[in-house]
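The values are calculated or read from the model by the stated rules, or taken from the named source; none is laboratory data. All values derive from a computational prediction rather than experimental measurement. Here the Cβ positions follow ideal geometry from the backbone for every residue, glycine too, while neighbour counts run over all protein chains shown. Note: accessible area is taken over every heavy atom of the protein model, side chains too, but ligands, DNA and RNA are not part of it. Shrake-Rupley method; radii C 1.70, N 1.55, O 1.52, S 1.80 Å.
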Amino acid sequence: MPNAPAPTSTRLLAACATAFGLLVLACLAVAEAPLEVTMGLVQKIFYFHVPCAWLLMLSTLVCAGGSLAYLFRDSERGDRVALSAAELGVVFGMCVLVSGPLWAKAAWGVYWQWEARLTSSLLLWLMLVAYVLARRYGGASARRLAAALAVFAAIDIPLVYFSVRFFRSIHPQTTVVSTLGPGMRGAFWLSLVAFTVLWSVLMSLRLAAENTQARIVELEILLDQAEEKKS
């Protein structure tokens, strides 16, 4: 069926256009949002930093879910989902670790402090990096070890989120969003939605690439088997 790929291409273009449109609207909303009284313009990093932190945690949860499916059901699809999510987690985690210190220098006078949230966030990102490295360079035997590492990484998420409540922290409390003014709150939620849609599009593309690669490997195996039978 020559026209079969068309709906998929149309949906992909529509999803990309939606993500782009939301990002543009989010940028406009952030630009129009009022300045925070104490920090001024630098506070606008908040609209980028927090959505990226949310996507770091979302990526970790999806990675852990796919890893559990692989560990207990031998699900190859779950394994591909886990790898795709882990790679996105590394990307958005890097955004968190770059934007956070830039904001911290302007707000607190230092780029980094070894306090609970910063340290636990760095640990979460490093575990995702270790997962990706194990998957890429550890061979097939390392997949279960990497899956177990993904599950362990998910356990760190509550520590990242609740650390500001249980430990002394220079980070704002988790209630900061509810205390935002009307102009700030709308810009924040629009930015959060835009980044989440972007993550969904990137996840779909990355997973499609993994599925295609897996299909190529299957076809190569079938071809080798067919050649062996002929010989």
**OP:** Determine the pairs where a residue that is of a type in the set (Asp, Glu), located within the range 144-159, has a partner that is open to solvent by less than 40 Å² (accessible area, probe 1.4 Å) with Cβ atoms under 8 Å apart, the partner being 6 or more residues away or on another chain.
**Re:** Asp156/Thr60; Asp156/Ser120; Asp156/Leu124; Asp156/Met127
**OP:** Please go through the range 83-114 and pick out each residue that is open to solvent by 50 Å² or more (accessible area, probe 1.4 Å) and in a helix (DSSP H, G or I).
**Re:** Val91, Met94, Val98, Leu102, Lys105, Ala106, Trp108
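I'd like to verify a number: residues in the range 50-92 that are within 17 Å of Ser191 (Cα to Cα) and under 11 Å from the mean Cα position of the chain (by Cα), how many?
At the first step, the residues of the range 50-92 found to be within 17 Å of Ser191 (Cα to Cα) are 50-58, 92.
Then keep just the ones that are under 11 Å from the mean Cα position of the chain (by Cα); that gives 51-58, 92.
Residues flagged as within 17 Å of Ser191 (Cα to Cα) and under 11 Å from the mean Cα position of the chain (by Cα) within the range 50-92 amount to 9.
Could we say that Leu145 is modelled with pLDDT of 90 or more, in a helix (DSSP H, G or I) and within 20 Å of the chain's Cα centre (by Cα) here? It would help to see each step written out before you state the result.
Details: modelled with pLDDT of 90 or more: yes; in a helix (DSSP H, G or I): yes; within 20 Å of the chain's Cα centre (by Cα): no.
Here the answer is no, as Leu145 does not meet what is asked.
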Subject >> Subset of the range 173-215 (residues that are surrounded by 10 or more Cβ atoms within 10 Å (Cβ to Cβ), more than 22 Å from the chain's Cα centre (by Cα) and not in a loop (DSSP other than H, G, I, E, B)) >> reply: Thr179, Gly183, Met184, Arg185, Gly186, Ala214, Arg215
Original post:
Of (1) closer than 24 Å to Val62 by Cβ; (2) at pLDDT below 90; (3) open to solvent by less than 40 Å² (accessible area, probe 1.4 Å); (4) within 22 Å of the chain's Cα centre (by Cα), Gly138 satisfies all except one. Which?
Top reply: (4)
Original post:
Are there any pairs, at least 6 apart or on different chains, whose C-beta atoms fall under 7 Å, with the first in the range 80-99 and in contact (Cβ under 8 Å) with a residue 60 or more places away in the chain and over 12 Å from Leu126 (Cα atoms) and the second of a type in the set (Ser, Thr, Tyr) and buried (at least 24 other Cβ atoms within 10 Å of the Cβ), and if so, which?
Top reply: Ala82/Ser67; Ala85/Ser59; Leu88/Ser59; Phe92/Ser59
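If you check Ala69 against the conditions, is it open to solvent by less than 70 Å² (accessible area, probe 1.4 Å), closer than 23 Å to Arg80 by Cα and free of Cβ contacts under 8 Å to residues at least 24 places away in the same chain? First the steps, then the outcome.
On the way: open to solvent by less than 70 Å² (accessible area, probe 1.4 Å): yes; closer than 23 Å to Arg80 by Cα: yes; free of Cβ contacts under 8 Å to residues at least 24 places away in the same chain: yes.
Criteria met by Ala69.
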Original post:
Quick one: is Arg80 out of contact with any Pro (no Cβ under 8 Å at 6 or more places or on another chain), closer than 22 Å to Ser163 by Cβ, crowded, with 18+ Cβ neighbours inside 10 Å and among the basic types (Lys, Arg)?
Top reply: no
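Name every residue in the range 178-231 that is more than 28 Å from Ser84 (Cβ to Cβ) and touching a residue at least 40 places away in the same chain (Cβ under 8 Å), in order of residue number. Before the answer, list the steps.
First pass over the range 178-231, keeping only residues more than 28 Å from Ser84 (Cβ to Cβ): 178-187, 225-231.
Once the filter is applied, which keeps residues that are more than 28 Å from Ser84 (Cβ to Cβ) and touching a residue at least 40 places away in the same chain (Cβ under 8 Å), the range 178-231 yields Gly181, Gly183, Met184, Gly186, Ala187.
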**OP:** Determine the pairs where a residue that is under 24 Å from Val50 (Cβ atoms), located within the range 117-135, has a partner that is open to solvent by 30 Å² or more (accessible area, probe 1.4 Å) and outside any helix (DSSP H, G or I) with Cβ atoms under 7 Å apart, the partner being 6 or more residues away or on another chain.
**Re:** Arg117/Ser169; Arg117/His171; Leu118/Trp112
